[in-house]
1. Among the residues of the stretch 6-39 satisfying the criterion of being assigned to a strand (DSSP E or B) and out of contact with any Lys or Arg (no Cβ under 9 Å at 6 or more places or on another chain), which is surrounded by the fewest Cβ atoms within 10 Å (Cβ to Cβ)?
2. Could you please let me know if Phe96 is in contact (Cβ under 8 Å) with a residue 12 or more places away in the chain, surrounded by 17 or more Cβ atoms within 10 Å (Cβ to Cβ) and in a helix (DSSP H, G or I)?
3. Given the conditions (1) touching an Asp or Glu at 6+ places or on another chain (Cβ under 6 Å); (2) under 24 Å from Ile136 (Cα atoms); (3) surrounded by fewer than 23 Cβ atoms within 10 Å (Cβ to Cβ), which single one is not true for Val82?
4. So the check is Cβ under 7 Å with 6+ separation or different chains; which pairs have a first residue in the stretch 162-179 that's within 22 Å of Glu38 (Cα to Cα) and a second one that's crowded, with 16+ Cβ neighbours inside 10 Å and among the aromatic types (Phe, Trp, Tyr)?
5. Tally time: how many residues in the stretch 116-172 are in contact with a Gly (Cβ under 9 Å, 6 or more places away or on another chain) and of a type in the set (Val, Ile, Thr)?
6. Mind listing whichever residues of the stretch 46-93 are within 28 Å of Ser166 (Cα to Cα), part of a helix (DSSP H, G or I) and of a type in the set (D, E, K, R)?
7. Any idea which residue in the stretch 99-108 is nearest to Leu32 (Cα to Cα), counting only those that are out of contact with any strand residue (DSSP E or B) (no Cβ under 7 Å at 6 or more places or on another chain) and either hydroxyl-bearing (Ser, Thr, Tyr) or assigned to a loop (DSSP other than H, G, I, E, B) (or both)?
8. Of the conditions (1) closer than 23 Å to Leu32 by Cα; (2) in contact (Cβ under 8 Å) with a residue 60 or more places away in the chain, Ser89 fails just one. Which one is it?
Amino acid sequence: MAQTPSNMLPLGTKAPYFELPNPAKNNENQSLSELKGEKGTLVIFMCNHCPFVLHIIDKLAELYEDYRKKGIEFIGINANDVKEYPADSPEKMIEFQREKKFGFPYLFDESQAIAKAYDAACTPDFYFFDDKTDLIYRGQMDDSRPGNQKETTGEDLIIAFENLLSGEPQEEIQKPSIGCNIKWVSM
């Protein structure tokens, strides 16, 4: 299991705009502007088969239920090469979303242009933006990884969410997420 860290996009970066199909909604295109949260938006690069995503998905779904009511929206994006990794196909994305029971939109970045615009490197890779879509947190969900025996708490994301909601500054030290590398299309 390869461990790839996030590239840590500079804080203050404006969220790159996207309009991507949502397989669970008959491939209807959904955009950042229509999906973003009133107070904040968490963009997650993820996929269906990565052990790091599987390790955190239940906690992520729980956090979504807790924080969407407070004005924070989550948007999942799968940018993996589905020809080489058919387990990440749009059809499998629908199955994964149903099986794992998460309610946030899960979009498909077939061209990988959006993943490149965000400088995404791994799954999961987290980017948290304020109400003006300025990047205020990027990095890990918490210290838990498959096999390290640490509880999946979502602590780092919770701190970022609570700081935003209470008007406090974000933590200066933000640790990169670690996961499987995004499966890039080979040229």
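Each value in this text was obtained by applying a stated rule to the coordinates, not by laboratory testing. None of these values were measured; they are calculated from a predicted model. Cβ placement follows ideal geometry from the backbone for every residue including glycine, while neighbour counts extend to all protein chains displayed.
1. The selected residue is Glu28.
2. Yes: the conditions hold for Phe96.
3. Only one criterion in (1) touching an Asp or Glu at 6+ places or on another chain (Cβ under 6 Å); (2) under 24 Å from Ile136 (Cα atoms); (3) surrounded by fewer than 23 Cβ atoms within 10 Å (Cβ to Cβ) is unmet by Val82, namely (2).
4. Close Cβ pairs (under 7 Å, with a partner that is crowded, with 16+ Cβ neighbours inside 10 Å and among the aromatic types (Phe, Trp, Tyr)) amount to Gln170/Tyr137.
5. 2
6. Answer for the stretch 46-93, where residues must be within 28 Å of Ser166 (Cα to Cα), part of a helix (DSSP H, G or I) and of a type in the set (D, E, K, R): Asp58, Lys59, Glu62, Glu65, Asp66, Arg68, Lys69, Lys70.
7. Gly103
8. Single failed check for Ser89: (2).
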